[in-house]
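Read-outs: derived from the displayed coordinates by stated rules, not from any lab. A quick note: this is a predicted structure, and the numbers were derived from the prediction, not measured. As a convention, Cβ positions derive from the backbone with ideal geometry for all residues, glycine included, and neighbour counts pool all protein chains shown.
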Amino acid sequence: MKAETSLAVISSAAITKEEENDAFREFLKVQDAGHVDTLVNVLNSQVEPLIDCTACGNCCRSLIINVEDKEADNLAAHLGLSRASFDEKYIEKSTGGIMAVNTIPCHFLSNNQCTVYEHRFADCRRFPNLHLPGFTNRLFASFMHYGRCPIVYNVIEYLKQEMNWQLP
Ligand code: SF4
Ligand code: SF4
């Protein structure tokens with residue numbers, strides 16, 4: 001198996017294959033969800049080792065990262081900040097109380113590396129979420145990341161092949 005790692009190539013493919021990907025997404029919506037999860041899981045475990053996230057870092061440069069209260073407590077303590085100072089510097093709170101890192105790219109990315117790797121948020125650890133069940137319930141989000149994340153791009157391209165799918 002080979003993997004495409006060029007961000008330029010995958011962002012360009014997201015544009016040229018927009019119609020194809022919309023059609024594939026519609027196709028996936030009516031497939032057996034468990035079967036799709038099994039395929040995505042296997043492909044993800046094959047693709048992930050082929051991608052060097054430390055050479056990419058595109059999610060850290062482009063995503064809104066949600067933060068849980070406990071995670072903010074932990075990182076504030078690690079950085080030697082009071083929770084109030086941490087929130088003031090790094091956190092945006094919605095009116096509903098949902099917290100997110102207040103910059104894109106993320107504050108904690110430096111020279112393409114996460115400077116708080118051991119304390120990074122669950123949102124960062126989970127991304128791109130392909131190991132989780134329920135892929136067909138997250139099609140919009142996953143396809144949104146197609147042109148941004150090489151792991152998502154490659155898993156979706158291999159999924160088309162595995163399912164013998166072609167643009168009708
Ligand atoms: S906390 Fe680290 S892993 Fe998470 S988005 Fe920021 S730089 Fe990336
Ligand atoms: S998860 Fe995707 S976007 Fe993030 S660093 Fe890895 S390959 Fe790049």
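Miscellaneous remarks
- Taking Cα atoms only, the orientation of helix 150-162 departs from the longest principal axis of the chain by about 20 degrees.
- More than 17 Å apart - percent of Cα-Cα pairs taken over segment 64-126: 33 percent
- Per-residue HN-Hα couplings for segment 74-83 [Karplus 6.51, -1.76, 1.60; θ = phi - 60°; Hz; x = Gly/Pro]: 5, 6, 4, 5, 4, 8, x, 10, 5, 4
- From phi via Karplus (6.51, -1.76, 1.60), per-residue ³J(HN,Hα) for segment 130-138 in Hz, x at Gly/Pro: 6, 7, 8, x, x, 3, 6, 8, 10
- Dipole of segment 64-126, positive direction: furthest Cα of Ser94, Phe108, Ala84, with charges on the beta-carbon: Phe108
- The relative contact order of segment 64-126 comes to 43 percent, based on Cα pairs under 8 Å that sit 6 or more residues apart.
- Nearby aspartates and glutamates by direct alpha-carbon distance to Lys70 (threshold 14 angstrom, same-chain neighbours under 8 apart not counted): Asp87, Asp123
- Estimated 222 nm signal from helices in the chain, with DSSP H stretches of n ≥ 4 weighted -39500 (n - 2.57), rounded to 500: -15000 deg cm²/dmol
- Sequentially through segment 46-59, phi angles give Karplus couplings (6.51, -1.76, 1.60; θ = phi - 60°) of 7, 7, 3, x, 8, 10, 9, 4, 6, 8, 9, x, 5, 5 Hz, Gly and Pro residues having no value and appearing as x.
- Of the residues Cys60, Trp165, Phe140, the one whose Cα sits farthest toward the positive end of the charge dipole of the chain, with +1 on the Cβ of Lys and Arg and -1 on the Cβ of Asp and Glu, is Cys60.
- Cα gyration tensor category, rounded, prolate or oblate, for the chain with a/c compared to 1.5: prolate
- Segment 120-139 and segment 6-42 have their alpha-carbon centroids 15 Å apart.
- Principal-axis tilt of helix 7-16 within the chain, Cα atoms, nearest 10 degrees: 50 degrees
- Note on the chain: GNM, Cα springs under 10 Å; of Asp123, Asp37, Asp69, the largest mean-square fluctuation is that of Asp69.
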